[in-house]
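*Asks:* The structure is given below, and queries will be raised subsequently.
The values are calculated or read from the model by the stated rules, or taken from the named source; none is laboratory data. Nothing here was measured: the structure is a model prediction, and the numbers come from that model. Cβ placement follows ideal geometry from the backbone for every residue including glycine, while neighbour counts extend to all protein chains displayed. Side chains included, ligands, DNA and RNA excluded: accessible areas come from the protein's heavy atoms. Shrake-Rupley method; radii C 1.70, N 1.55, O 1.52, S 1.80 Å.
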Amino acid sequence: MIRFIGDYPAKTDAKGRVFLPAAFRKILEAEGEQGLVLRNDVFQKCLVLYPESVWNAQLDGLRAQVNQWNSKQQMMLRMFEADAEPIELDAQGRLLLSKRKLQYAGIDGEVRFLAMVDRIEIWSKQALEELMAQSGGLGELMEEQFGQ
């Protein structure tokens, strides 16, 4: 099972290319992952990069819960899949973020790659710092969720 760890800064170039952190590339190589899938996050203004096997498992799980005769559920699945883009790393380990994805996430230069267990979030550096500052801190969040 794939497990990413860490938080890494990076910078996009003028074309929207950014180096995937070496620590993440090593994990992908060790797991034999070739393909990647990128989509907008459902809740936050960031991008989510999935190893292909994780993406496929996510889709299989979602599809298993969707009733094909329920129009709202079908629309949800349609919207989830329509936003996805296949991503390939170039020979230098860079990925190309489309202008549409850069705009969605508010990325203009500095980014942060944040491990989220089996996927990777790609944030505007400023947006992630603002979100973390608003959260009240890890201890407060854990107490609120699990302290009862």
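*Asks:* At R0 = 30 Å, how high is the FRET efficiency between E88 and N67 if r is their beta carbon distance? Nearest 0.05 is fine.
*Replies:* Using R0 = 30 Å, I get an efficiency of 0.30.
*Asks:* State the extension gain, in nm to one decimal, for the chain segment bounded by A30 and M75, taking 0.36 nm per residue of separation less the distance between their alpha-carbons.
*Replies:* Additional length available on full extension: 12.6 nm.
*Asks:* Right, something else. Would you mind classifying the chain by shape? Square roots of the alpha carbon gyration tensor eigenvalues, ordered a ≥ b ≥ c; an a/c under 1.5 is rounded, otherwise it is prolate if a/b is larger than b/c and oblate if not.
*Replies:* Note, shape of the chain comes out rounded.
*Asks:* Counting heavy atoms of the protein chains only and a 1.4 Å probe, report the per residue accessible area for the stretch 3-148 as a whole number of Å².
*Replies:* Accessible area per residue: 64 Å².
*Asks:* Suppose every Lys and Arg Cβ carries +1 and every Asp and Glu Cβ carries -1, with no other charges. What dipole size does the chain come out with about its Cα centre, to the nearest 20 debye?
*Replies:* Dipole of the chain, to the nearest 20 debye: 500 debye.
*Asks:* Heavy atoms only, probe 1.4 Å: what % of the accessible area of the chain goes to carbon and sulfur, would you let me know?
*Replies:* C and S atoms contribute 53 percent here.
*Asks:* Measuring from label point to label point, each 7 Å out along Cα→Cβ, what is the M116 to E130 span in nm?
*Replies:* About 1.8 nm separates the two model spin labels.
*Asks:* Here's something else I'd like to know. For the chain, build the charge dipole from Cβ charges (+1 Lys, Arg; -1 Asp, Glu) around the Cα centre, then report which of M1, L102, I27 sits farthest towards its positive end.
*Replies:* L102
*Asks:* How fast does the stretch 32-100 diffuse by Stokes-Einstein, in µm²/s, taking the Kirkwood radius from C-alpha pairs at 20 °C and 1.002 mPa s?
*Replies:* After rounding, the answer is 161 µm²/s.
*Asks:* Still on this structure: As an exercise, identify the chymotrypsin sites (Phe, Trp or Tyr not before Pro) in the stretch 1-51 lying in DSSP coil whose Cβ has no more than 10 other Cβ atoms within 10 Å.
*Replies:* F43
*Asks:* Another question, then. What FRET efficiency would be calculated for the residue pair A57, E140, taking the C-beta separation as r and a Förster radius of 41 Å, to the nearest 0.05?
*Replies:* E(calc), rounded to 0.05, equals 0.80.
*Asks:* Just need the relative contact order of the stretch 3-145 here, percent rounded to a whole number, with Cα pairs under 8 Å and 6+ apart.
*Replies:* Value for the stretch 3-145: 36 percent.
*Asks:* Test of understanding: in a Gaussian network model of the chain with alpha carbons linked when under 10 Å, which of Q103, Q44, Q92 would top the mean-square fluctuation ranking?
*Replies:* Q92
*Asks:* Can you give me the three principal axis dimensions of the stretch 1-59 from its C-alpha atoms, in Å, biggest first?
*Replies:* 33, 27, 21
*Asks:* Got a sec to turn the phi values of the stretch 130-139 into Karplus ³J(HN,Hα) couplings, 6.51 cos²θ - 1.76 cosθ + 1.60 with θ = phi - 60°, whole Hz, x for Gly and Pro?
*Replies:* 5, 4, 5, 5, 7, 5, x, x, 4, x
*Asks:* Dipole size in debye (nearest 20) for the stretch 109-148 around its Cα centre, Lys and Arg Cβ +1, Asp and Glu Cβ -1?
*Replies:* 180 debye
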